[in-house]
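> Shown below is the structure under consideration.
The values are calculated or read from the model by the stated rules, or taken from the named source; none is laboratory data. Keep in mind that this is a model prediction, so the values were computed, not measured. Glycine also receives a Cβ, built like all others from the backbone with ideal geometry; neighbour counts cover every protein chain displayed.
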Amino acid sequence: MDNDATVTRELDLPIGAEELWHLVADGERWADWMVETSEVDVVDGGRGTVVDDDGTTRAVRVERVDPGREVRFTWWPADGPDLCSTVSLVVVPQVHGSRLRITEVKASARSAISGRRWELRAIALSARGATLVSV
Amino acid sequence: MNSGPVEPLDQLFAVLADPTRRTLLQQLVHGGPTTATRLAEHYPVSRQAVVKHLQALAEADLVVAERAGREMYYRATPERLADAVVWLLDTSAQWDRRLERLRQRALRH
């Protein structure tokens, strides 16, 4: 099955790619921005736990670390393993500063980040609900 | 996050990947319960194909089939679609908050 819900974001930052990489690749520093508390070993196959700002406790499994470029991990709420999703954090150097590219996919075990995706188009939110479109 | 019981979403998204199914579901949401024969009158597909699509939607709990005399009426039950939208909205809002914290932190640097 290769149709998944996807959320993407990009953010340009006035810090160097090396500093941004430390914020992405150091599990303790996830608590500086991504979650409230973090105990995750960010290495291939690493595991850990985070607590979100809304109090949700998530188990984390690190899928892949591409040094200086990408951290990919799977996480799921402790009380809702069906909501397992895969997050890709990609650091892109810029002429001035750096860019963080985020992709979170509500993934089946087989498809992860690749394959066809679903995305929320907010065009119909005000009327009869949201519209899901394949991209 | 949604604190209620959560169904796996993968089947839902797979079923809705088909544009004909999305159109049929939309028709049922907007136009109310109807039969496969009447739905087929509006689309360039056979009644049998419409029934097949409706069965796929039913397996994903997006429609229910209800017998009325000799006819089978199909009714949209979009609650599961709401679950999917909740996931997308929750996840989007979480990343907006996280990135705002990251932006603030970078600005303090």
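> Which pairs turn up if I take residues in segment B:39-57 that are in contact (Cβ under 8 Å) with a residue 40 or more places away in the chain and look for partners that are surrounded by 15 or more Cβ atoms within 10 Å (Cβ to Cβ) with beta carbon separation below 7 Å, at least 6 apart in sequence or on another chain?
Between residues of segment B:39-57 that are in contact (Cβ under 8 Å) with a residue 40 or more places away in the chain and residues that are surrounded by 15 or more Cβ atoms within 10 Å (Cβ to Cβ), the close pairs are B:A56/B:V15; B:A56/B:R21; B:L57/B:V15; B:L57/B:R21; B:L57/B:L24; B:L57/B:L25; B:L57/B:V63.
> While we're on this one: I'd like to check something: does segment B:83-106 contain any residue that is within 12 Å of chain A (Cβ to nearest Cβ), in a strand (DSSP E or B) and in contact with a Leu (Cβ under 7 Å, 6 or more places away or on another chain)?
Scanning segment B:83-106 turns up no residue that is within 12 Å of chain A (Cβ to nearest Cβ), in a strand (DSSP E or B) and in contact with a Leu (Cβ under 7 Å, 6 or more places away or on another chain).
> From the set of residues in segment A:45-95 that are outside any strand (DSSP E or B) and crowded, with 18+ Cβ neighbours inside 10 Å, which is modelled with the lowest pLDDT?
Per the criteria, the residue is A:L83.
> Are any residues in segment A:3-43 acidic (D, E) and more than 8 Å from chain B (Cβ to nearest Cβ), and if so, which ones?
Within segment A:3-43, A:E10, A:D12, A:E18, A:D26, A:E28, A:E36, A:E39, A:D41 qualify.
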